[in-house]
Amino acid sequence: MATYELKINGNTHSVDVDPSTPILWVLRDHLQLVGTKFGCGISQCGACTIHVEGSATRSCQIPVSSIGNKKITTIEGLSKNGDHPVQQAWLEHDVPQCGYCQAGQIMTAAALLDSNPNPTDEDIEATMSGNICRCGTYTRIKAAIKTAAKSGSLS
Amino acid sequence: MTLVRTTFGRRAFIKRVGLASGGLMIGFSWLAACKDATPEEVVMMPDEWFEMNGFLKIGDNGMVTIMSPNPEIGQNVKTSMPMIVAEELDTDWDNVIVEQAPLNTELYTRQLAGGSQSIRQGWEGLRMAGATARHMLKEAAANLWQVPVAEITTAAGILTHQASGNTAHYGEMASAAAMLEVPEEVEMKDSKDFSIIGTSRKNVDGKKIVTGKPLFGLDTYKEGMLVAMIVHPPAFGMRFKSMDADSVKNMPGIKDVFTIDTYTDGTRKSFADIATFNKKVAIVGETTWQVMQAKKALAVTWEDSPDDSFEIDMFGRIMKTEYPSGKESSQSHALKMAEIGSKKGNVVRKDGNVDKAFKKAAKVLERSYSCPFLAHNTMEPMNFYANVTSDHAELIGPVQTPEFMEQSVAARLGLTLEQVDIHMTRMGGGFGRRLYGHFLTEAAVISQTMQKPIKLVYTREDDMTFGNYRPSYYVTYKAGLDENNQLIAFQVRAGGIPESPLFANRFPAGAVENYQAEEFTIKSNVSVGAWRAPRSNFIAGAEQSFLDELAELAEKDPIDFRLELFDKAIKKPVGENNDYEAERYAGVLKLVREKSGWGRTREGVHRGVAAYYCHNSYVAQVLDIVKKNGVPKIENVCSAVDCGIVVNPDAAANMVEGGVVDGIGHAMYSSVTFNDGEPQQRNFDSYRLIRHGEAPRKQEVHFVKNDIDPTGLGEPPLPPVMGALANALYKANGKRYYHQPFMSNKPLLG
C-alpha cells in the first residue's frame, strides 16, 4: 500500500492503495466517483474513459502509481453544471438508451472536439471507434458531436 | 371520452392500510430518497405529498410524482410509462418527477422487462391510474365549489368550473381528493385529445446520465460493504472439484474464500433461474481490485460433470431440461446441425401437400442458413448488492425479473416474501441477460454466509463465459414456383442447439397453398436464454434473405413479391392461426417503399429490403450500401414501423435506430465458439461488437399513424435488419450470405 495525492476535477484527493490499482478502481471504490464505468477491464470498450492532462485515456489500464501530478478529469468534473457543449448536445439529441457507456462516449468526444473542433465523419468514426455502445446509439452520438462542434462554445 | 370500470390493477388504486387513518400526508421525503436532485428540482419541492394511488402522488404545490413500475433497461419505459399516467391525469409534464418503483406485487402487475411488453401490457393500467386520480381531483373540486362534477374540466394540472369562474391547481385539491373513495368508473381520453402521448419527451434520467450520477447497480455503495466476485468452471461440461483457498486468504484485503450453491436441492425454480454452474467459488474482500488479484491467484481444480437435468416451473407447467455430459465444440455443433437438418423433422404445421407441389414446380430453390451462439454482453456486467440478516434481505441492483427472483431468493435464503426487499436500479443494458437473476441469488447467499453487506461484481470474462447464450440455429428453406412464377410450395425446417427457432404460423404461412413447417432440436450442456427478440433474431434474417433470393428467381421486385403474398393472405388466407395481420405487414412495406424511394436507382448505391413481425409490432427496412475503395459502407437505413400509437416518438425512433445497429452488428461480427466446452471469446478483444465506424451513417424512422393500442419496440426493429443487410450485401458484392457472422466471409464494413 502507498499514499497518493491525486489531482481530480480540480481537487486533491489522498488515497492509500496498492500501487498497481488502476485509476478506474481508485475513482469508483475509494472516491465514490462512479460516473467512470467498468466495462471490460482491458481497454477495449472505452466505458472507463477519463481525461489525463486533457487526453482521453482508458482508466482501467492506468495504475495509480503512474499518474504522478497529472491532472485527471472525470465525467463528474467535465463541467460544473452539466452544461459542457457535448453534454448539452447529448441531451438535445436524447442520445442515451441504457446510458451505461455514455460517460465514456462523452469524455472521448469532448477530447476529440478539444483537439479538432470541426471533425469530419471519418474523424468522428476513427476516434469514437474505441467506445462500444451495446444499445447502438452510434447514429445519434455522431449527430450530437456535430451539434456540439457547431455550437462554437468549445474553448 | 370512454367510460371504463376501474377493475384493472384496482388494488394499486386503493391506499395501503395505515395511510388512510393517519391523514393522507405520507412520510415521504423525495430529497432523502434521491440525493442527487438537481437545483431546479429542490426549489420546486412541495411541503407535503398526497398519495392518490400506487402510481402517483400530488404535492401541495401541484408537483406530481409518478412511479415507473417496470425495470428500465434502456428501453426508456421510465419516461414513457409515466407519460401515459400524466396524460390521463391531465397534468403539465414539466411538473412531473419520475421515480423508479420498488418491487411491490400488491401495487403493481407484471414488473418485468421482457418480450417488448411493458407498454403494451401496462397501457390500460397506467391510463387508469392517471384517470382515476383526475376524477378524484374533479370530485374534490366539485364538493368544495358545490357544483356538478361533470361541469369541471381539467387541463395541464388546472381544474376549472367555467360557469362559476372557479379554478384551482391540482395541489390545492390533492389533500381532499386523496380522502375520497376510488371511483367505480372513470373517463379515459380519446386519443385525439392526447397532449403528452405522441409528443417527444426527453429521457427523465438524461441529465443524470450525462453528468455521471450513480444510477446503475454497479454504482451502489453502502457503508461497510464488501466486494465479492465469483469463479465459475472454465468450460461447459465441467464442475468444481477442489481449491486451495488458503493460498489467497492472506492476500491484501481478502476476507474469505468459499464455495456457494446458487440453488439447493428441492428449491422451486422458475424460468428466471438457470442451471449453469450451480457450484462456484466466492471471493470476498475490501475492494474490487484486491478481489480481482485474489481471483487471478486462486488455484481451483475442476472435473468433468456427469449427465444432469434441471426442472423449472414454467407458469405452472414443470419443464425438465437435460444437460448431457461431455465437452462440446463448435465444429461438432455445426456438423450435427447440418446432418440432422438434412433429415425430415417434426412436422408442426402442414397445409396442402408440399411434396406433390414440389414435383409440379417449374423452379425449386433450397437454401440453408445458420447462426452461432451469442452472448448478451450488456455493457454493465452482472452485479447485485445484498444485505442479508437473519430476518431480512435487502437486495439492490439490475434485474429484469424482480418478481420471479423474489420468490426464488426467498426460498433459497429461508425467508418469507415479506422479508425480501428488491430495489431496481437503472440497468446498463438487458437484452434478456438479466431475465435470469442467478447473480442476485449468488449475492444474497454470499451476504448470508458472510453476515455482511456485499456487492457482487462479475468481470467481463465471468459474464461472457457464463452461458445463457442465444442458441445456435440452423434452418433450411425450400420453395417451388410454377411456370407463372407463382409460389406454390414452401417448406421450412428449423432447428438448433438446444432449441428450434421455428414460428410455424408466421408469414409466409397463410399465403401459400402448400406449406410445411418442421423442427428439430439437439441436446447440449451449453446453457441458453432469451436474447433480444428470441428466435426471431435469427429466423427473420434467414427468411427475409430467402424471400429475396426467391423473388429474384421469380423475376419480381422483392417488395412486389412480398406484397403479392400478403394480398393472398388478406383475400384468401390458407390455414388457421396465422400469427400476423397481413394488412399491417403490407402497410410497413408500402411505407418503407414510399419513404426510401424504393425503385429509384442511384449509381453506386446497393439496396436491400426486409420486413418482419414479432413481439406485436411490424417493421420494414431498406438498407443502402455504398462501396468505398471496394469496402461496403452502410450509408442509410430507412425503417417503417407499425407499433400502434407511438407514446414518445423521438425515443421510439432511438429504439428503432439502436435495434438496427444491434442487428447489423451481430449478423456481421459476433459469435461465441467452443473448444472442449470452453468459450473461445472472453472479452471484447476476441468477441467483436459493432463499432462506430461500422454503423450506418444515417438512419430514418417512420411510424405508421393509427389509433391501435401501443405495442413495444425493444425487440421488433432488430430481426428484419439482418435480412436487409444480407440482401444489400448481395447487391454490393454479388454474393449471398447464408451463415452468420457474415464477417467470416470477409465483407467487412468500412
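The values are calculated or read from the model by the stated rules, or taken from the named source; none is laboratory data. No experiment lies behind these values; they were computed from the predicted model shown. Every residue, glycine as well, gets a Cβ built from its backbone with ideal geometry; the counts of neighbours run over all protein chains shown. Protein only, heavy atoms only, side chains kept; ligands, DNA and RNA dropped before computing areas. Shrake-Rupley method; radii C 1.70, N 1.55, O 1.52, S 1.80 Å.
General remarks:
- Gyration tensor (alpha-carbon) shape descriptor, the range B:178-288, a/c threshold 1.5: prolate
- Estimated [θ] at 222 nm from DSSP helical runs (n ≥ 4, -39500 (n - 2.57)) normalised by residues in the protein assembly as shown, nearest 500: -8500 deg cm²/dmol
- For the protein assembly as shown, size of Cβ-based charge dipole, Lys and Arg +1, Asp and Glu -1, in debye: 2400 debye
- For the listed residue pairs B:213/B:255; A:150/B:590; A:150/B:698, the alpha carbons are over 28 angstrom apart in B:213/B:255; A:150/B:590.
- Neighbouring partner chain Cβ atoms per residue of A:84-95, average, 10 Å criterion: 4
- Prolate/oblate/rounded label for the protein assembly as shown (Cα gyration tensor, a/c 1.5): rounded
- One chain, two ends: residue B:392 and residue B:322. Fully extended at 0.36 nm per residue, the span grows by 21.7 nm beyond their Cα-Cα distance.
- Degrees, to the nearest 10: A:102-115 long Cα axis against longest axis of chain A: 80 degrees
- Here the 3J(HN,Hα) profile of the range B:380-394, calculated from phi with Karplus coefficients 6.51, -1.76 and 1.60 at θ = phi - 60°, is 8, x, 4, 6, 6, 9, 9, 10, 10, 10, 5, 10, 7, 10, 9 Hz, Gly and Pro shown as x.
- Measuring nothing but how far apart in sequence close Cα pairs (under 8 Å, 6+ apart) lie, relative to its length, chain A scores a relative contact order of 23 percent.
- Relative contact order for the range A:2-76, counting Cα pairs under 8 Å that sit 6 or more residues apart, in percent: 37 percent
- When peptides B:141-150, B:685-694, B:117-126 are ranked by their average number of other Cβ atoms within 10 Å per residue, the highest-first order is B:117-126, B:685-694, B:141-150.
- Protein accessible surface hidden between A and B, which excludes ligands and nucleic acids, total in Å², probe 1.4 Å: 4900 Å²
- Local electrostatic count, residue B:701, Cβ distance below 10 Å [Lys/Arg +1, Asp/Glu -1]: -2
- The value of relative contact order for chain B, using C-alpha pairs under 8 Å at least six residues apart, is 13 percent.
- Under 9 Å, Cβ to Cβ, from residue A:140 - net charge with Lys/Arg +1 and Asp/Glu -1: -1
- For the protein assembly as shown, the per residue solvent-accessible surface stands at 37 Å², with DNA, RNA and ligands left out and a 1.4 Å probe.
- Report note on the peptides B:655-668, B:410-423, B:619-632: ranked by the mean count of other C-beta atoms within 10 Å, highest first, their order is B:655-668, B:619-632, B:410-423.
- As a calculated quantity, the FRET efficiency between residue B:179 and residue A:147 at R0 = 56 Å, using C-beta atoms, amounts to about 0.70.
- In this label model, residue B:355 and residue B:268 are separated by 4.7 nm, measuring between points 7 Å along each Cα→Cβ vector.
- Residues in the range B:364-372 carry Karplus couplings, in order, of 10, 10, 9, 9, 10, 10, 8, 8, x Hz; the curve used is 6.51 cos²θ - 1.76 cosθ + 1.60 with θ = phi - 60°, and Gly or Pro positions show x.
- Shape category assigned to the range B:285-350 from the gyration tensor of Cα positions, a/c cut at 1.5: prolate
- Stretchable slack from residue B:162 to residue B:365, in nm (0.36 nm times residue separation minus alpha-carbon distance): 66.0 nm
- Antiparallel %, DSSP beta bridges [both residues in chain B], to 5: 75 percent
- Separation of the range B:178-252 and the range B:312-345, taken as the distance between their Cα centroids, equals 32 angstrom.
- Among residues other than residue A:122 with Cβ under 12 Å from its Cβ, the summed charge is +1 (Lys and Arg +1, Asp and Glu -1).
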